[in-house]
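> Please find one structure pasted underneath; my questions will follow.
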Amino acid sequence: MYILGIETSCDETAASIIKANPKTGRLLVLANIISSQISIHQKYGGVVPEVAAREHVLNILPVINEALLTAKISAKKLDLIAVTKGPGLITSLITGLETVRALAFAWNKPVMEVNHISGHIFSNFISPETKIKYPALILTVSGGHTNLVLMDKSHNIKIIGETLDDAAGEAYDKGAKMMGLGYPGGPIVSKYAAEYAQTNPELQTNIDLPRPMLNSTNLNFSFSGLKTALLYQLKKDKNWKTRIPEYCFAYQQAIIDVLVGKTIKAAKKTGAKTIMLSGGVSANKELRIQLKTKVEKELKKVNFLVPALEYTTDNAAMIATAGFFKYLSDKPVDFSKLRVDPSLQLK
């Protein structure tokens, strides 16, 4: 099967072509094209929905054409189109979905609606380095979502932990904004944290920040208190601007400690045989290293998977992949009934 994936949930306009085998479940990414708007939104300190929607309108067809050219196939060879239904910015989602509606009608192709978070989860199924054993536990960490999901061998999923307020990615962005570091916050905070770690090999700091809900009996997350604690620390420290790398290190480590601690607790509680990491924050080098180290130390028989860096942030290869696996057990949707759902729940 040749599948076209379309992703426009936020500020990336993305199209991908994958070649998938329904019998074996194996797939190959033939094209993964992304048009990013980061440089446009940086001056605003975050994504402006109306601006993002206009850029999607300008970019969507050129990006799809480039994907087809890169994959060296024509629209006639496509067997399926997969598109993000939600969650996300409603005006951004509409651009992708309405484009797919037109293409499905013009090309006479079936369509699968995909949950954006499901796409992140299935990014681990793109050329996995390790065999996926079930039940599998997936930590999904992005700007808008932080949750723990349990998946069985039929790919049925159950959310067993989620953020009660801010997502980890949002905490990175807001922390960076407090320190005047710019947008997006994740890469910037990570860069300064790495600088501090290089000059302080003992990895010690006297900046004391909380690990919210780390020791709670449930598997949920909360990062709003951490942001507030950082704000109070900065207000008390008149010299904080000279200690930005140290603050970034302390702040990032607090986030990582919670993410890793909750994941290990969830794996022990559920008997997970595979742990996967997904979402935009899964590109964070320290999170990858520390979670892998903890799994190898405390869960010796559990496989650990992370997607390739190119599939961590928003992309269409993950949407095409999720669409493919959904197609194996579900029916395509009539293009006339396509509807966006900006608050779509994972189920």
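The values are calculated or read from the model by the stated rules, or taken from the named source; none is laboratory data. The structure displayed is predicted, hence computed values, not measured ones. Cβ coordinates were reconstructed from backbone atoms using ideal geometry, including for glycine residues, and neighbour counts include every protein chain displayed.
> Could you say whether any residue in the stretch 111-126 is touching a helix residue (DSSP H, G or I) at 6+ places or on another chain (Cβ under 9 Å), outside the structural domain of residue 267 (by TED's automatic domain parsing) and surrounded by fewer than 19 Cβ atoms within 10 Å (Cβ to Cβ)?
Scanning the stretch 111-126 turns up no residue that is touching a helix residue (DSSP H, G or I) at 6+ places or on another chain (Cβ under 9 Å), outside the structural domain of residue 267 (by TED's automatic domain parsing) and surrounded by fewer than 19 Cβ atoms within 10 Å (Cβ to Cβ).
> Would you kindly identify the strands (runs of 3 or more DSSP E) lying entirely within the stretch 134-218 that contain at least 1 residues that are among the β-branched types (Val, Ile, Thr) and buried (at least 22 other Cβ atoms within 10 Å of the Cβ)?
The qualifying strands (runs of 3 or more DSSP E) are 136-141, 146-151.
> Which of the residues belonging to the stretch 62-96 are touching a Leu at 6+ places or on another chain (Cβ under 9 Å), surrounded by fewer than 22 Cβ atoms within 10 Å (Cβ to Cβ) and among the hydroxyl-bearing types (Ser, Thr, Tyr)?
70, 74
> In addition: Can you go through 59, 32 and tell me which one is in contact with a helix residue (DSSP H, G or I) (Cβ under 7 Å, 6 or more places away or on another chain) and surrounded by 14 or more Cβ atoms within 10 Å (Cβ to Cβ)?
Exactly one of 59, 32 is in contact with a helix residue (DSSP H, G or I) (Cβ under 7 Å, 6 or more places away or on another chain) and surrounded by 14 or more Cβ atoms within 10 Å (Cβ to Cβ), namely 32.
Let's see how each residue does on (1) outside any helix (DSSP H, G or I); (2) buried (at least 17 other Cβ atoms within 10 Å of the Cβ); (3) touching a His at 6+ places or on another chain (Cβ under 9 Å); (4) of a type in the set (S, T, N, Q):
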site: 265; (1), (2), (3), (4): no, yes, no, no
site: 275; (1), (2), (3), (4): yes, yes, no, no
site: 282; (1), (2), (3), (4): no, yes, yes, yes
site: 287; (1), (2), (3), (4): no, yes, no, no
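> Filter the stretch 146-178 down to residues that are in contact with a Lys or Arg (Cβ under 8 Å, 6 or more places away or on another chain) and closer than 21 Å to residue 41 by Cβ, then give me how many there are.
Final tally of qualifying residues: 5.
> Next question, about the same structure. Search the stretch 255-271 for residues that are without any contact (Cβ under 8 Å) to a residue 40 or more places away in the chain and pair each with any residue that is outside any helix (DSSP H, G or I) and among the polar types (S, T, N, Q) when their beta-carbon atoms are under 9 Å apart and the residues are at least 6 apart or on different chains.
That search, which allows pairs on different chains as well, returns 256/284.
> Something else about it: Considering only the stretch 173-227, how many residues are acidic (Asp, Glu) and either over 15 Å from residue 252 (Cβ atoms) or in contact with a Cys (Cβ under 9 Å, 6 or more places away or on another chain) (or both)?
Here the count works out to 2.
> Just one of 309, 299 is closer than 29 Å to residue 202 by Cα and either crowded, with 17+ Cβ neighbours inside 10 Å or over 20 Å from the mean Cα position of the chain (by Cα) (or both); which is it?
Of the residues listed, the single one that is closer than 29 Å to residue 202 by Cα and either crowded, with 17+ Cβ neighbours inside 10 Å or over 20 Å from the mean Cα position of the chain (by Cα) (or both) is 299.
> Evaluate the following for residue 22: is it of a type outside the set (Ser, Thr, Tyr) and surrounded by fewer than 17 Cβ atoms within 10 Å (Cβ to Cβ)?
Spelling it out, residue 22 is indeed of a type outside the set (Ser, Thr, Tyr) and surrounded by fewer than 17 Cβ atoms within 10 Å (Cβ to Cβ).
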